[in-house]
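Here the structure is laid out as structure tokens; the discussion comes afterwards.
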Amino acid sequence: MKILSVCSLCLFWCVIAQADPTKPATGWQAAGVSSAGAATATLPKLQLIKHTADGHVAVLDGVLVRKGQRFQQYLVLDIQQTKVIMDLNGEQLVLPLLNTAIKQYE
């Protein structure tokens, strides 16, 4: 009975100590990430640009924005036909519209 208990305990510790083989190693990202890399991880997604009577408007992460408005920590500098130009602490960020097919509505 003692041997069975010891073997069960050893097996239990082996299972606990065994790591998930699909999990990345601890700290694998910490060495390669810079402050610029962290900022790009949270970039807003440009979903739509529409021309209205008041100019272009854009949809960023489901939120309608106009030129001069703030979106999260960004200031929308310009909305053009295929891209949105934003400012973050003096650095310009250009979000291109990936699908540039122009739809015609009646």
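Here are some notes:
- In order along region 83-97, phi translates into HN-Hα couplings of 7, 10, 10, 10, 10, 9, 6, x, 9, 7, 10, 10, 9, x, 7 Hz, rounded to whole numbers, per the Karplus curve 6.51 cos²θ - 1.76 cosθ + 1.60 with θ = phi - 60° and x for Gly and Pro.
- By average C-beta atoms within 10 angstrom, highest first, the peptides 87-98, 64-75: 64-75, 87-98
- Built amide H within the under 5 Å cut-off of GLN69, gap 5+: VAL76
- Under-5 Å amide H pairs with GLN80, H placed in peptide plane, nonlocal only: ILE85
Bear in mind these aren't lab numbers, they're just calculated from the coordinates by the rules spelled out. What you see is a predicted model; the values in this text were computed from it and never measured. Cβ atoms come from the backbone with ideal geometry, glycine included; neighbour counts cover every protein chain shown.
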